[in-house]
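Following: one structure in structure tokens, then a few remarks.
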Amino acid sequence: MVAEQIRKKLNAHIRPETLRWVEAAKYKQMSDSMDDILRELEEGQTKITIRSETRRFRKPVTLVLGLNPKVHDLKKIAGELKRKFSTGGTVKEGYILLQGDFKDETKDTLIKLGFSESSIEVV
């Protein structure tokens, strides 16, 4: 993605091993702030899909797809959603599964967690 390309270009021009230890500390601080900026950029580009399915024994589940596990802490987001809706759920292979039909409520909660409304699609 764009964030990874920017990170690679920055690392190609600035190498911490060539700097003195004081400059290396400044580089780390700059790198951390750059990671925060790139994470925000990545959040803006994330396309999140929320959909509902019926699983075994006609039990509804809500799936939250499209979150990048390298950028977002899926366990933290899933925990927040489970706590909010008082339901069970899990994180599996890059998506969040919630027990129950919570499509609209999930969108509102993700917006409150900092995701942009335009990047969330409810199917």
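Taken over the range 76-121, the criterion of being within 18 Å of K47 (Cα to Cα) and part of a loop (DSSP other than H, G, I, E, B) is satisfied by E93, G94, L113, G114, F115, S116. Within the range 95-118, the residues that satisfy the criterion of being out of contact with any Lys or Arg (no Cβ under 6 Å at 6 or more places or on another chain) and more than 24 Å from R58 (Cα to Cα) are D108, L110, I111, K112, L113, G114, F115, S116, E117, S118.
Would you pick out the residues in the range 45-74 that are within 20 Å of E117 (Cα to Cα), among the basic types (K, R) and under 11 Å from the mean Cα position of the chain (by Cα)?
Scanning the range 45-74 gives a single hit, K47.
Of all residues in the range 53-74, those being closer than 14 Å to L110 by Cβ and in contact with a strand residue (DSSP E or B) (Cβ under 9 Å, 6 or more places away or on another chain) number 7. Consider I77 carefully, then state whether it is under 20 Å from G114 (Cα atoms), surrounded by 13 or more Cβ atoms within 10 Å (Cβ to Cβ) and touching a strand residue (DSSP E or B) at 6+ places or on another chain (Cβ under 6 Å). No.
Bear in mind these aren't lab numbers, they're just calculated from the coordinates by the rules spelled out. Quick caveat, the model's predicted, so the values are computed rather than measured. Positions of Cβ are backbone-derived with ideal geometry, glycine not excepted, and every protein chain shown enters the neighbour counts.
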